[in-house]
């Protein structure tokens, strides 16, 4: 029952999160709020995403659970090092974007929302979605696993893969041939692995 509850909670969160990120929702909310208040949308969206994810973490910790495995030392230490490197590279990838705009703070100080720029430098030369790559690495390098954490990690992985697919479509609409060319030469998530994308 815990697995079903967790997956259902994650699915509801994922649908709402994705809908709020869509052009359709943004255009509709822009019509309601107007251009002036729309500058706060990105920041509000990010805050809502974090706050609304907290109940899922609560469920993971407090629903009935069963341990699956615990990787012994010294291998667990290597996994912790891998998680540390993943977290560091996640931060580097974030800093290689327009970080203040990504968080939604920059929009507070500009009159008209600027269209984002296509980032293809740094870690984005290696994979198109380094934020997803290093988030997944961080999750799956956890040295101890329970039924609840495995359920959440599988659900989060599926959400990231599905989300990346839809984000790609959005990026193709936003950047056109520039993104198509970038997509041709840069793998999505795993360096050197394209899954027939070319």
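Just one of the numbered conditions (1) modelled with pLDDT of 95 or more; (2) assigned to a loop (DSSP other than H, G, I, E, B) is not true of residue 133: (2). Taken together, 182, 153, 165 contain a single residue that is over 10 Å from the mean Cα position of the chain (by Cα) and either on the phi > 0 side of the Ramachandran plot or surrounded by fewer than 16 Cβ atoms within 10 Å (Cβ to Cβ) (or both), which is 165. Right, residue 130: touching a helix residue (DSSP H, G or I) at 6+ places or on another chain (Cβ under 7 Å), surrounded by 12 or more Cβ atoms within 10 Å (Cβ to Cβ), more than 21 Å from residue 22 (Cβ to Cβ) and in contact (Cβ under 8 Å) with a residue 12 or more places away in the chain or not? When the stated conditions are applied, residue 130 passes them. One residue stands out in the range 55-99 among those that are in a loop (DSSP other than H, G, I, E, B) and out of contact with any helix residue (DSSP H, G or I) (no Cβ under 8 Å at 6 or more places or on another chain): the one that is nearest to residue 144 (Cα to Cα), namely 72. Against the list (1) assigned to a helix (DSSP H, G or I); (2) within 25 Å of residue 11 (Cβ to Cβ); (3) modelled with pLDDT of 90 or more, the condition residue 184 fails is (2). Modelled with pLDDT of 90 or more, more than 21 Å from residue 122 (Cβ to Cβ) and either more than 13 Å from the chain's Cα centre (by Cα) or not in a helix (DSSP H, G or I) (or both), is that true of residue 158? No: the conditions fail for residue 158. Of the listed requirements (1) modelled with pLDDT of 90 or more; (2) assigned to a helix (DSSP H, G or I); (3) more than 23 Å from residue 54 (Cβ to Cβ); (4) within 19 Å of the chain's Cα centre (by Cα), residue 170 misses just one: (1). Give all pairs with beta carbons closer than 7 Å in which a residue from the range 11-36 that is in contact (Cβ under 8 Å) with a residue 24 or more places away in the chain meets a residue that is exposed (fewer than 13 other Cβ atoms within 10 Å of the Cβ) and in a helix (DSSP H, G or I); count only pairs at least 6 apart in sequence or on separate chains. Hits for this filter: 18/166. For first residues located in the range 181-198 and within 19 Å of residue 137 (Cβ to Cβ), partners that are at pLDDT below 80 and lie 6+ apart or on another chain with Cβ distances below 8 Å form the pairs 187/193; 187/194; 187/197; 188/194; 188/195; 188/197.
For the structure I just gave you, tell me whether residue 82 is surrounded by 15 or more Cβ atoms within 10 Å (Cβ to Cβ) and modelled with pLDDT of 95 or more. So residue 82 fits the description; yes.
The values are calculated or read from the model by the stated rules, or taken from the named source; none is laboratory data. What you see is a predicted model; the values in this text were computed from it and never measured. With ideal geometry, Cβ positions are generated from the backbone for all residues, glycine too; neighbour counts draw on all protein chains shown.
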